[in-house]
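Worksheet: one structure, shown below.
The values are calculated or read from the model by the stated rules, or taken from the named source; none is laboratory data. Source: prediction; values computed, not measured. Using ideal geometry, Cβ is built from the backbone for each residue, glycine included, and neighbour counts are taken over all protein chains shown. Side chains are part of the model used for accessible areas, which takes the heavy atoms of the whole protein and leaves out ligands, DNA and RNA. Shrake-Rupley method; radii C 1.70, N 1.55, O 1.52, S 1.80 Å.
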Amino acid sequence: MRHWAEALVELDAALAIQPDNAAWHAQRGVLLEELGRSEEAAGAFERSLDIDGSDPDVVMALATTLVSLNRLARALGLLEELSKQVSDYHPAVCQRIKVLAQLGKHEAAEETFYLAQQTVDDCPDCFFYMAESLAARENDERAMYCLER
């Protein structure tokens, strides 16, 4: 059995002693996400990045949380910046396909899909997000191809 709430209490106690520990704030964000408290999780990830903005996994976690909160423009900005800083960080490219499709920027989603193919040519998430974009444009044959992949 997972004890996320108890872990959060312990982590908050540790943060009261050492409030500038970026990794602990990031872990706090993960725990809050597990507890379904996405708004607070986003704040914890932001705090972690305020202390040490160099961890691509924390940027990715914040962007993913923002997507769940439907803050797509902010998430897209983070993902684009992350892709500039770490060009071969595939999760950021993959998630951009999803966000661009949700924003209705289907041509950009498709361009990003082809960029993603250069680093990981068989990513199931990329194909799924591309299928969603294609289906939104009623390009069912290509969408089915992506889903089958």
17 Å cut-off, amide nitrogen to a point 7 angstrom out along Q85 Cα→Cβ, residues in segment 93-115: 93-96
Accessible area (Å², per residue) of the chain, counting only protein heavy atoms and a probe of 1.4 Å: 56
Integer Hz, Karplus 6.51/-1.76/1.60 couplings in order for segment 16-33, x for Gly and Pro: 5, 7, 10, x, 9, 8, 4, 4, 5, 5, 4, 4, 4, x, 4, 4, 5, 4
Charge dipole (debye, nearest 20) of the chain; +1 at Cβ of Lys and Arg, -1 at Cβ of Asp and Glu: 260
Förster radius 41 Å - calculated FRET efficiency between R137 and H3 (Cβ-Cβ, nearest 0.05): 0.35
Where labels lie 7 Å past Cα in the beta-carbon direction, separation of E10 and D52 in nm: 2.1
Mean ellipticity per residue at 222 nm, deg cm²/dmol - from DSSP H runs of n ≥ 4 across the chain, formula -39500 (n - 2.57): -25000 deg cm²/dmol
Inter-part distance where segment 54-98 and segment 118-149 are each reduced to a Cα centre, Å: 20
Under 5 Å, built H, 5+ apart or other chain: amide partners of N21: none
Whole-percent carbon and sulfur share, accessible surface of the chain, 1.4 Å: 50
